[in-house]
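Structure record follows, encoded as structure tokens.
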Amino acid sequence: MIKFIRIADMKTVFSGIQPSGLVHLGNLLGAINNWVKLSDGDSKNYFCIVDLHSLTGLPNKNDLKKSIDDTLKVLIASGINLETSVIYKQSDLQEHAYLSWILSNFCQVGELQRMTQFKEKASSFGTHSGLLTYPILMASDILIHKANEVPVGDDQTQHLELTRNIAERFNNNYGEIFPIPEKTSGKSGARLMSLRHPENKMSKSSDDINGTIYFNDSKDSILKKFKSSVTDSENIIKYDQKNKPGISNLIEIYATINDIKISDAEKEFQNSQYGEFKIAVAETVFDYLKPIKNRFDELTTKDIDDIVDENIKLAKNSAQETIKEVEEALGIC
Ligand code: TYM
């Protein structure tokens, strides 16, 4: 049966990733994997390399440039369907920062000070105002394209709540301009933990790089990292985040990549030893990353420039339409 979708009913998806180091397995399984799936559906999608956000970490110029290029390539190589999706860089659209200023008038300073990520990051980078106002820029990223759905990992839940509040306050004051966006995640993988410190989330800035799997790790390195992953002494492959965080994390990785239930992964390995299980997870991860890495290596500068040029125009048109409506609503046009 042919399915007809009215343009007005089409859902808009927005999500972003900071170019601050190499893309890791947490980014892939918690977010990008879901972007790929959504991009094969009926929605209109915007996936953004949020380089203005990365400035809050005061990066070195060359490192930032390389991270932007690599992250862009990973998104293209990840298999996101470019027919339905626009991939672009935040700083190419000044509308993001412009809308952020407007939205800052709908957000209380106290709300920003209560954000967990602000509290964590303020202690490592010092408290500059970019760190504090970061969630308003994030709200503007989402609202600039009037997104309905935001596929992210669990660490972004609080920022999404704030975005919803900002959108509601704007609408209450100036009319129904913004949809109220929903956070979505996959059925597992929304919070991958460090392989070495399973009480902390897997991240680019982890103290122990052996706890993080990067998209371009070699097979040897993946095997080494999984073999040395921290588990427990029980030798029972059972999901129990509280008492067995390490083994639960490995089960979660395996289930997410294979798109199976956690309980099915448990069953599959109920008679296995930890050593065997660790190798099986490492191989699964390697097989998952391999095509991404291969496509990444094959992409030429011309391929990327063509995609970027085309996509900036599409993103800009969408952003400018929203800005026009917002300005009219505010009476500043
Ligand atoms: P960032 O760059 O830290 O991470 C990008 C995406 O990866 C997810 N993620 C994880 N998921 C599962 N397990 C992990 N260990 C893990 N680590 C990271 C994140 O949840 C995210 O979905 N503030 C955002 C970037 C941003 C954004 C936006 C996202 C800016 N504007 C608008 C959505 C919409 C961030 O720092 O993500």
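Here are the numbers for the structure shown:
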item: Estimated translational D of the stretch 1-90 in µm²/s (Stokes, Kirkwood radius over Cα pairs; 20 °C; 1.002 mPa s); result: 154
item: Net charge, HIS145 excluded, C-beta distance under 13 Å - Lys, Arg +1, Asp, Glu -1; result: -1
item: For the chain, accessible area per residue (1.4 Å probe, heavy atoms of protein chains only), Å²; result: 49
item: Sparsely packed GluC sites (Glu not before Pro) within the stretch 54-127, loop by DSSP, other Cβ within 10 Å at most 14; result: GLU83
item: Partner aspartates and glutamates for LYS244 [C-alpha distance under 19 Å; skip if fewer than 8 residues away on the same chain]; result: GLU199, ASP232, GLU234, GLU252, ASP264, GLU266, GLU268, GLU276
item: Estimated translational D of the stretch 227-317 in µm²/s (Stokes, Kirkwood radius over Cα pairs; 25 °C; 0.890 mPa s); result: 157
item: CYS333/LYS290 FRET efficiency (R0 56 Å; Cβ-Cβ; nearest 0.05); result: 0.65
item: Against the rule of thumb 2.2 N^0.38 Å, how large the Cα Rg of the stretch 64-150 comes out; result: 1.27
item: Exposure of SER185 as accessible area (Å², to 10), given a probe of 1.4 Å and all protein chains; result: 50
item: Mean-position separation - Cα centroids, the stretch 246-293 and the stretch 102-129, in angstrom; result: 37
item: At q = 0.16, 0.27 Å⁻¹, base-10 log of I(q)/I(0) for the stretch 114-185 (Debye sum, equal scatterers on each alpha carbon); result: -0.58, -1.20
item: Rounded percent of accessible protein surface that carbon and sulfur make up, the stretch 153-295, 1.4 Å probe; result: 44
item: Heavy atoms of SER129: accessible area, 1.4 Å probe, square angstrom to 10; result: 90
item: Extension gain from ARG169 to SER91, taking 0.36 nm per residue of separation minus the Cα-Cα distance; result: 25.5 nm
item: Apportionment of accessible area to carbon and sulfur, the stretch 1-131, percent (1.4 Å); result: 55
item: Over the stretch 213-276, equivalent-ellipsoid semi-axes from the Cα gyration tensor in Å; result: 19, 15, 11
item: Gained length - GLN270 relative to GLN241, 0.36 nm times residue gap less alpha-carbon distance; result: 8.7 nm
item: Percent breakdown of C-alpha pair distances by 5 Å bin, ordered from the shortest bin, for the stretch 1-154; result: 2, 9, 17, 20, 21, 15, 9, 4, 2, 1, 0, 0
item: DSSP beta bridge pairing in the chain, given as percent antiparallel to the nearest 5; result: 15
item: Whole-number D in µm² s⁻¹ for the chain, Kirkwood Cα-pair radius fed into Stokes-Einstein, 20 °C, 1.002 mPa s; result: 102
item: Convex hull projection area averaged over all views, the stretch 123-241, Cα basis, nm²; result: 10.5
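The values are calculated or read from the model by the stated rules, or taken from the named source; none is laboratory data. Since this is a predicted model, take the numbers as computed values, not measurements. Positions of Cβ are backbone-derived with ideal geometry, glycine not excepted, and every protein chain shown enters the neighbour counts. Protein only, heavy atoms only, side chains kept; ligands, DNA and RNA dropped before computing areas. Shrake-Rupley method; radii C 1.70, N 1.55, O 1.52, S 1.80 Å.
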